Amino acid sequence: MRVRKTRGYQDIEGVSGAELPDPDMGVTQEIEMASVSVVPDDTFTVTQAVNALGFGWFQVKLSLWTGLCWMADSMEMTILSILSPALHCTWHISRYQQALTTTVVFLGMMLSSTFWGNLSDRYGRKHALSLCAILLFYYGLLSAVAPSYMWVLLLRGLVGFAIGCTPQSVTLYAEFLPTKQRAKCVVLLDCFWALGACFEVALALVVMPTLGWQWLLALSTGPLLAFAVVCPWLPESARYHVASGQTDKALETLEKIAKDNGKPMLLGRLVVDDSMTSSPHRGRFRDLLVPALRRTSLLLWFIWMACAFCYYGLVLMTTELFETSSINCSPEENIPGQTMDTCAADCRQLQTTDYMDLLWTTLAEFPGIFATIFVIERYGRKKTMAVQFVLFAICSCFLLICTRKRAFLTIMLFLARGIIAGVFQAAYVYTPEVYPTGLRAVGVGSCSAMARLGAMVTPYVAQVLLKSSITLATTVYACAALLAAIGCLALPIETRGKEMPDSIKQTAVAAQNNK
């Protein structure tokens, strides 16, 4: 062993037998052994410091800042279900072109998620989020003045590229949370997502009838501007600093947490484990498929893909279901010439009742959040996600009941939206917990990329297939949810009550202990 002293911490390195001094170098050996003998017992790691300093004003500020990012992401997603019908009326685009308007956003997110994850692991979460905020605001504002449908596609695709970084705000947030509060706080962060979705619907209700979709796109960039302004004050992750060998900066961040939370800084020295700093390939995608992580990564990719497929499918088909159900279940449904297909020239603007129904189903995310908080620490992450997927499948089956009563349909959509939102948040809790520090951002980014793949496919089910067959469309969502439930139970690691791993070796040990 060798202890290397620098300001405020000790870096402990293992020295192989070949590196031991020769017997004739007695003085050097005595100094080396003397250094080992004075290693104090009151050393601490970043994890121990974060747990000891607890949840306080520092985490409250970080919640608000990352919440702004989450709110902006939510507004850009919610606007998709409003923008497509508006473009249909403006440029008389077809159903497939409406679906493409949604797909191109998710395509940009899918292509960029791993890129942003790699960037975050290599250069820091703060720098990636700052760049993301600037690009997202810029392209979002340009979308409002797009002169044609093709320009809308291009600019919304670039918006999607920038949105691919927003899951890294959860990575940054989770790395500053004490173990006992981590799941609860990450799930509560979804309140900002739900708030953003509700705000977008309310904004559309006011803006769309008078000013149109261009002004809606422009005004929706407000939270993005606010987040871009606060980015210089975002703290960089202490775990990232340690993993990148910048231990002095990690100590400065921990001291700031202690000051903001009104807690005394831990006595002793910050100890750095070489397993965190020895890898020269932080953020390398292929490391997600090493034997210790392969099963976890493959299952999580499928779970995230199914979750996004179901969640965004439900968001997109909320307004579609009311229109489709009213035609299918009407007494005149067999009148010749009344078909579910609509030509490109048909235009139906969203009405106040449509916005109110969308608002009610969006509000369902709040009870979904609190229900997830209640069960996730009692029954674990895996079981929580599995049960919620099964409940979502059951709610999807109830959508097959043919009724002209909007209240029944609204209640079913309300329950389904709350449940699938809970699954998403449980996945956001589990994923940063299971990946080691050097791969955490790229791990979350890769899962987000797979989620966007599911979201790319879902418009063709929720906006195209649904027009032909409600039964087939809802069956597809129910089957996807049931398969994902099986995948949740097959995950090799349960992270409830466990520390976030700092190395692949720790993750492998956790997997062995769960067998």
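Quick note: the coordinates plus some simple rules give every number you see, no bench work behind them. Keep in mind the model is a prediction, meaning the values are calculated, not measured. Note that we place each Cβ from the backbone using ideal geometry, even for glycine, and neighbour counts take in every protein chain shown.
For labels at Leu298 and Gln48 in the simple 7 Å Cα→Cβ model, what's the distance in nm?
Rounded to a tenth, the inter-label distance reads 3.8 nm.
Can you list residues from other chains, or at least 5 along the same chain, whose modelled amide H is less than 5 Å from the amide H of Val271?
Gln10, Phe44, Thr45
Lys and Arg at +1, Asp and Glu at -1: add these up for the other residues within a Cβ distance under 13 Å of Leu189 and post the number. Walk me through the numbers on the way to the answer.
On the way: positive: Arg182, Lys184; negative: Asp73, Asp190, Glu365.
Charge balance near Leu189 sits at -1.
Greater than 30 Å separation of Cα atoms is the criterion. Which listed pairs, Lys259/Lys383; Lys249/Lys505; Lys184/Lys467; Lys180/Lys259, meet it? Write out the running numbers ahead of the final one.
Numbers: Lys259/Lys383 38 Å; Lys249/Lys505 25 Å; Lys184/Lys467 39 Å; Lys180/Lys259 21 Å.
Beyond 30 Å between Cα atoms: Lys259/Lys383; Lys184/Lys467.
What distance in nm lies between label points placed 7 Å from Cα along the C-beta direction at Thr353 and Thr179?
5.5 nm
For the range 61-129, what does the equivalent ellipsoid look like in terms of its semi-axes, each the square root of 5 times an eigenvalue of the Cα gyration tensor, given largest first in whole Å?
Working: eigenvalues 191, 53, 8 Å².
That gives 31, 16, 6 Å for the three semi-axes.
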